[in-house]
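Chemist: My structure is below; once you've seen it, I'll send some questions.
The values are calculated or read from the model by the stated rules, or taken from the named source; none is laboratory data. A quick note: this is a predicted structure, and the numbers were derived from the prediction, not measured. Here the Cβ positions follow ideal geometry from the backbone for every residue, glycine too, while neighbour counts run over all protein chains shown.
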Amino acid sequence: MILVGELSLWIALLMCAWSVTLSFAGGVTRRPELVASGERGLYAGVGFVILASAGLWTALLTSDFSLRYVASFTSANLPTVYKISAFWGGQAGSLLFWCLVLGGYAALATWTNRGRNRELMPWVTGTNAAVLLFFVMATALASNPFERLDWVPADGRGLNPQLQNPAMAIHPPLLYLGYVATAIPFAFAIAALVTRRLDAEWLGAVRRWSLVSWVFLTLGIVMGMWWAYVELGWGGYWMWDPVENASLLPWLTGTAFLHSIMIQEKRGMLRKWNVTLVVGTFLLSILGTFITRSGIIQSVHSFAQSAIGAWFATFFVLALLATIALVSMRLRDLEAQAQLEAMISREAAFLYNNLVLVGIAFSVLWGTLFPILSEAVRGTKITVGESFFNAVNVPLGLLLLALTGVGPLIAWRKASVDNIRRQFVGPAAFGLLVGAALLVLGIRKLSPIVAWTLAGFVAGTIVQEFWKGVGARRRMYDESLPRAFARLVARNRRRYGGYIVHAGIVILFAAFAGMAFKKEYDLTLKAGESATVVDPYGTRWTFTSEGLSEFKALNRDVLTLALRPEVDGVRLPLITSEKRQHRDSRGAPTFQPSTEVGILSQQRQDVYVVLAGAIGEDAEVRINFNPLVVWVWNGGLLMAIGGLIVMWPAADRRRRQVGYVAELEPQAIGAGA
Amino acid sequence: MSSSPADVSRSVGAPRTADGAVSPRAIPRRALLRGLGIGGGALGLVTVARRALGAQETPAANFAPMEQGAYRPTLRDPKPDATPRLTDADRDALEHRIKCQCGCILDIYTCRTTDFTCQVSPAMHRDVMRLVAGGYEAEEILEAFVATYGEVALTAPKKEGFNWAGYLAPGIAMATGAVALTILLRKWAREARTAAAARPAGGLGAATLPGVSAEELSRLDRALREEG
């Protein structure tokens, strides 16, 4: 099976080359047999990528240490679930995983469009096959997971302990599913540019794919934050690490696109901008991969510096030049069909929202690449860390939060003074009330006050929209409150799903602001000793050490500290933090010791305990009080749920898929008669 | 070439037999078999090419290894009659501004309280303690670390010289974008007003969209406004 997998990778490469050639040739000559052959070449290529992946998984699960990749990232005693996830634990495997996901998406896009968008499809298939060809080539020629060692080691090196976490089994695939999905809208954009079919048709085809990408990126980013929080032990969930930034970039531009696409759908405007955003989102995902893989920037995630960076740089430049050339040739076809009618309109609000999203993307990219620029210009190495990114991005984030509330309240085309007064008075008053309450409570930090005031305003807009919608349904159909709510969302998934996403954003920002009040303590405790500290809410906590203990687990030696927290004489559950030394099946240590944090999670805050180490009987421990962290996960989840609601096919669309159902409202029949 | 969209959707797609039925297998299967044949032959060639490109790089590590030897002493003679100017909280805040040089991306406070296996951050912490005890201010201590390790010792670049480009570029870009967008939107709105004034009374649609009645356009307009 492993040999079949290795051979399959090479055959997949040929099949992709075949598909690219035949699809583009079919598109140029309009010969259907070439187009169909190109599509089948893609299916075959994907089939061989699946076989190659099965081959690598077989090698991982059977611990075939003759493969360098298996020996480098697994050991015989590694739990099975991590042998499976080791597929994407290293560079070569993760590239093959990228091929697998891209192949699956490309095949699905071709299959679901077999009866529609036929003029676009040769170019869509060809572009998808070209991207897949690049990744298969990079995998086969530059970072091949099937490369064999000259000798077979008795055991492998094992998987990095920090990757031996359930989140790490899920986070990378989610992120890949998001990253890679940006390739499909890119392929449709290229097809639309080549064929000059730049009407709403191609947008319809890419909207759902963009949402797929957005939902998976959202889940992947939040899962990554959770992994960093529970596994890395530094006490936070976002550090502006280059790889974190790389995942944020396509999310930001993808979010901008999901807003601006509405303007093109409703008004026929922003055609150039939307093509730019689709192409830019894909290129940013490639650039992010280049940053991650090339090793040019120091990162907690860094893969070893290797030639793969040059591959990605070349691909990025070629794709960028090709799309710039195509867009330049089609500028006339991308002229708007309608005009903006007023400055105070939803179109204008969405454009400012786009500006802020793209502005944040620029500042993140700028901060990420600035160390390279500094070294090139001044020859001086610098570090651009959390404080830099926060200084630049917190104000922009707050502006974005404000626009999240403003956009949905303003009418399309032109908002009247009456419309603005009617829509804004309630939410603005609620926001100000929240701000005033914070001041009364004695909070004086500016950023959290502004964030929570704006969060109050946006929450007010969302509640107001649901209130009006549910109220209208209850009056019209005499429905109960839950039924009216459910039907309101179900009948207009895009609008109310979007509001649910906004609610997730509000929760997320409010939770981010909470971290401005975090407190940390550095303690040394012997068994039986206690220390009393104060949390951000002024509550006194007493932590008593129950002592250090050692034990052996499946593939590691563990030193664990148990702390008993007490608040106002009430004993809370034990918090344990561990120091782990992983070992291979022969007992030899693998990797450096790692830390497992202990977390007592509450609605108000997390108590986060890190066993830094032990000297004799003294345990060196850091205790963080991190306010509102649980709401980061809840907010992220709510955003993803909202995204799923938005992308879920409407009932009439699902009915249409099995047969045409005519739907005419009685008054429409009357009016038309 | 003039073909309607419907024609195009018929002409570019699955291959058809003479009677027009979809024939999905005729040429492609042969093509694929040919492809497989060629693939087998080419496999040898590609393998040779791969060998020619050289052996694969050293296996990628997931995380950079620690550079335990990265520590360089940062020492200064104590000031005359030195008394510490910083409280413990000030010192911890200062340590958040100094980057550990072990290869991680953490500051020395976070690194030393997270990972005891790092020998660099505790050593740098000891230097901080000595400098604090020697009566040095926070900025002086930062300067001392920059003198030892270079600017890479700081978690954020100093606000001076070329570094200002780093701090200001995002703000300048955003401000420029906001001004440009506002000018563009005003221009669009002005053009729309001019076009509306030049339009004959009685509605825009009937004159410009054949087959669409003024009533229908008015309904569409209402629906759009109501949705807002």
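Chemist: Among the strands (runs of 3 or more DSSP E) confined wholly to the stretch A:525-610, which include 1 or more residues that are within 30 Å of residue A:82 (Cα to Cα), more than 33 Å from the chain's Cα centre (by Cα) and within 14 Å of another protein chain (Cβ to nearest Cβ)?
Modeler: A:540-553, A:556-567
Chemist: Could you please find all residues in the stretch A:153-174 being at pLDDT below 90 and of a type in the set (A, V, I, L, M)?
Modeler: A:154, A:159, A:163, A:167, A:168, A:169, A:170
Chemist: Also, quick follow-up: Would you point out the residue of the stretch B:150-184, among those that are more than 9 Å from chain A (Cβ to nearest Cβ) and under 30 Å from residue B:76 (Cα atoms), that is modelled with the highest pLDDT?
Modeler: B:164
Chemist: Select, from B:146, B:179, the only residue that is without any contact (Cβ under 8 Å) to a residue 60 or more places away in the chain, part of a helix (DSSP H, G or I), over 14 Å from residue A:380 (Cα atoms) and over 21 Å from the mean Cα position of the chain (by Cα).
Modeler: Criteria check complete, one pass: B:179.
Chemist: Which one of these is surrounded by fewer than 15 Cβ atoms within 10 Å (Cβ to Cβ), in contact with a Ser or Thr (Cβ under 8 Å, 6 or more places away or on another chain), assigned by TED's automatic domain parsing to the domain that holds residue A:512 and touching a residue at least 12 places away in the same chain (Cβ under 8 Å): A:438, A:432?
Modeler: Exactly one residue qualifies, and that residue is A:432.
Chemist: Does residue A:318 satisfy the criteria of being modelled with pLDDT of 95 or more and either under 20 Å from residue B:174 (Cα atoms) or part of a helix (DSSP H, G or I) (or both)?
Modeler: no
Chemist: Determine whether the stretch A:53-60 contains at least one residue that is without any contact (Cβ under 8 Å) to a residue 24 or more places away in the chain and of a type in the set (A, V, I, L, M).
Modeler: No: zero hits.
Chemist: Keeping to the stretch B:185-211, report how many residues are at pLDDT below 65 and loosely packed, with under 14 Cβ neighbours inside 10 Å. Steps first, answer last, please.
Modeler: Step one: filter the stretch B:185-211 for residues at pLDDT below 65, giving B:200-211.
The next check asks that each one be loosely packed, with under 14 Cβ neighbours inside 10 Å; those that pass are B:200-202, B:207-211.
Matching residues across the stretch B:185-211 total 8.
Chemist: Say we look at the stretch A:356-377 and pick out the residues that are among the β-branched types (Val, Ile, Thr) and facing chain B (nearest Cβ under 8 Å); which of these is surrounded by the fewest Cβ atoms within 10 Å (Cβ to Cβ)? Show your work before the answer.
Modeler: Let us first name the residues in the stretch A:356-377 that are among the β-branched types (Val, Ile, Thr), namely A:356, A:358, A:360, A:364, A:368, A:372, A:377.
Going one step further and asking which of them are facing chain B (nearest Cβ under 8 Å), we end up with A:356, A:358, A:377.
Details: A:356: 24, A:358: 21, A:377: 10.
For the stretch A:356-377, the residue satisfying everything is A:377.
This table checks each residue for (1) more than 10 Å from chain A (Cβ to nearest Cβ); (2) out of contact with any strand residue (DSSP E or B) (no Cβ under 6 Å at 6 or more places or on another chain); (3) among the hydroxyl-bearing types (Ser, Thr, Tyr).
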{"position": "B:81", "(1), (2), (3)": "yes, yes, no"}
{"position": "B:89", "(1), (2), (3)": "yes, yes, no"}
{"position": "B:97", "(1), (2), (3)": "no, yes, no"}
{"position": "B:114", "(1), (2), (3)": "no, no, yes"}
{"position": "B:119", "(1), (2), (3)": "yes, yes, no"}
{"position": "B:125", "(1), (2), (3)": "yes, yes, no"}
{"position": "B:129", "(1), (2), (3)": "yes, yes, no"}
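Chemist: Continuing with the same structure: Quickly run through the stretch A:564-584 and pick out the residues that are out of contact with any Phe, Trp or Tyr (no Cβ under 8 Å at 6 or more places or on another chain), crowded, with 16+ Cβ neighbours inside 10 Å and not β-branched (Val, Ile, Thr).
Modeler: Matches in the stretch A:564-584: A:577, A:578, A:580, A:581, A:583, A:584.
Chemist: In addition: Tell me whether the stretch A:194-201 contains one or more residues that are hydroxyl-bearing (Ser, Thr, Tyr) and not in a loop (DSSP other than H, G, I, E, B).
Modeler: Checking the stretch A:194-201: at least one residue is hydroxyl-bearing (Ser, Thr, Tyr) and not in a loop (DSSP other than H, G, I, E, B).
Chemist: To continue, here is another question. Could we say that residue A:260 is over 25 Å from residue A:91 (Cα atoms) and either more than 14 Å from chain B (Cβ to nearest Cβ) or within 16 Å of the chain's Cα centre (by Cα) (or both) here?
Modeler: Spelling it out, it is not the case that residue A:260 is over 25 Å from residue A:91 (Cα atoms) and either more than 14 Å from chain B (Cβ to nearest Cβ) or within 16 Å of the chain's Cα centre (by Cα) (or both).
Chemist: Here is a further query. Pick out the one residue from A:45, A:26 that is crowded, with 24+ Cβ neighbours inside 10 Å and touching a Cys at 6+ places or on another chain (Cβ under 9 Å). First the steps, then the outcome.
Modeler: Details: A:26 fails: touching a Cys at 6+ places or on another chain (Cβ under 9 Å).
Going through A:45, A:26 in turn, just one is crowded, with 24+ Cβ neighbours inside 10 Å and touching a Cys at 6+ places or on another chain (Cβ under 9 Å): A:45.
Chemist: Ok, one more. Looking at A:192, A:142, which is the one that is in contact (Cβ under 8 Å) with a residue 40 or more places away in the chain and farther than 26 Å from residue A:59 by Cβ?
Modeler: Every option except A:192 fails the conditions.
Chemist: Turning to a different aspect of this structure: When the stretch A:338-355 is examined, which residues are found to be within 9 Å of another protein chain (Cβ to nearest Cβ), more than 19 Å from residue A:417 (Cα to Cα) and not in a loop (DSSP other than H, G, I, E, B)?
Modeler: Across the stretch A:338-355, the qualifying residues are A:351, A:352, A:354, A:355.
Chemist: Do we have any residue at all in the stretch A:443-458 that's more than 14 Å from chain B (Cβ to nearest Cβ), of a type in the set (A, V, I, L, M), over 16 Å from residue A:512 (Cα atoms) and within 31 Å of the chain's Cα centre (by Cα)?
Modeler: No - not one qualifying residue is present in the stretch A:443-458.
Chemist: Restricting attention to the stretch B:132-149, report how many residues are within 11 Å of chain A (Cβ to nearest Cβ) and either touching a strand residue (DSSP E or B) at 6+ places or on another chain (Cβ under 7 Å) or among the basic types (Lys, Arg) (or both).
Modeler: Residues flagged as within 11 Å of chain A (Cβ to nearest Cβ) and either touching a strand residue (DSSP E or B) at 6+ places or on another chain (Cβ under 7 Å) or among the basic types (Lys, Arg) (or both) within the stretch B:132-149 amount to 1.
Chemist: Assess whether residue A:233 counts as being in contact with a strand residue (DSSP E or B) (Cβ under 8 Å, 6 or more places away or on another chain), within 14 Å of chain B (Cβ to nearest Cβ) and at pLDDT below 85.
Modeler: In short, yes.
Chemist: Criterion first (within 30 Å of residue A:20 (Cβ to Cβ) and surrounded by fewer than 23 Cβ atoms within 10 Å (Cβ to Cβ)) does residue A:212 satisfy it?
Modeler: yes
Chemist: Can you name the condition, by its number, that residue A:63 falls short on among (1) of a type in the set (Gly, Ala, Ser); (2) touching a Ser or Thr at 6+ places or on another chain (Cβ under 8 Å); (3) part of a helix (DSSP H, G or I)?
Modeler: Every condition holds for residue A:63 apart from (3).
Chemist: I would also like to ask the following. Just for the stretch A:21-52: of the residues that are touching a Gly at 6+ places or on another chain (Cβ under 6 Å) and farther than 23 Å from residue A:8 by Cβ, which one is farthest from the other protein chains (Cβ to nearest Cβ)?
Modeler: Result: A:24.
Chemist: Wholly within the stretch A:73-146, which helices (runs of 4 or more DSSP H) include no fewer than the required count, namely at least 1 residues that are within 19 Å of residue A:15 (Cα to Cα) and of a type in the set (Ser, Thr, Tyr)?
Modeler: Once the helices (runs of 4 or more DSSP H) in the stretch A:73-146 are filtered for at least 1 residues that are within 19 Å of residue A:15 (Cα to Cα) and of a type in the set (Ser, Thr, Tyr), what remains is A:91-112, A:121-137.
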